[in-house]
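No lab work stands behind these numbers, since they all come straight from the coordinates. Since the structure is predicted, the reported quantities are computational estimates derived from the model, not experimental observations. When we count neighbours, we look across all protein chains shown, and the Cβ atoms used for this are built from the backbone with ideal geometry, even at glycine.
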Amino acid sequence: MQSEVTVKQLSLYDTDYQLWLNQTVAQLKAQDLSQVDLENLIEEIESLGRSERHAISSYLMRLCEHLLKIKYWKSEREMCLRGWKREVINFRLQIQEELEDSPSLRSFLQDIFAKQYKNGRKLFLNASDLEAKLIPETPDFTLEQALDEDWLPWQPE
């Protein structure tokens with residue numbers, strides 16, 4: 001008894017992504033839609049949106065982590081404050097760049113703020129070894145404050 005083996009022919013997308021990309025752009029510019037690999041093009045466009053959301057989500061989590069470090073990690077503050085502030089600036093700038101490219105992500109940020117605060121809190125607690133009960137489970141600052149370049153959760157006396 002002979003079994004039939006179906007061999008899927010690899011597409012240009014599978015064998016040379018950059019060439020596929022260049023070819024697809026050329027086809028779109030020429031409005032030659034009959035030859036466009038729509039299945040892979042749709043997949044690529046969908047993944048772009050996921051990548052943007054993932055990036056801005058990660059930046060927000062790390063921003064929250066560093067704001068918590070500044071506010072609550074007193075034993076390390078004197079030695080690390082400068083670096084933490086630099087990281088806060090970096091994450092704010094990264095978020096701002098994402099929002100400039102895709103302003104509609106602002107509502108996404110609001111939707112994920114509580115979740116990314118919790119994730120940032122977990123990272124902070126792991127790094128600091130402080131007791132979890134000392135750190136609020138819900139944000140004690142707003143998203144607007146977190147993104148405000150002039151705001152920090154702690155100021156020297």
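Put simply, when 62-75, 88-101 are sorted by average Cβ atoms within 10 angstrom per residue, most first, you get 62-75, 88-101.
The charge dipole of the chain, taken about its Cα centre with unit charges on the Cβ of Lys, Arg, Asp and Glu (plus for the first two, minus for the last two), comes to roughly 780 debye. Computed 3J(HN,Hα) for the range 116-129, one whole-Hz value per residue from the Karplus formula 6.51 cos²θ - 1.76 cosθ + 1.60 where θ = phi - 60°, is 6, 4, 4, 5, x, 4, 4, 4, 4, 4, 5, 6, 8, 6, glycine and proline marked x. List the aspartates and glutamates whose alpha-carbon lies under 13 Å from that of LYS118, not counting same-chain residues fewer than 8 positions away? LYS118 reaches GLU65, GLU137, ASP140.
How many percent of Cα pairs in the chain exceed 24 Å? Cα-Cα pairs in the chain separated by more than 24 Å: 52 percent.
Between the residues GLN110, LEU41, GLN23, the greatest Cα displacement towards the positive end of the dipole of the range 1-113, with unit charges on the Cβ of Lys, Arg, Asp and Glu, is found for GLN110.
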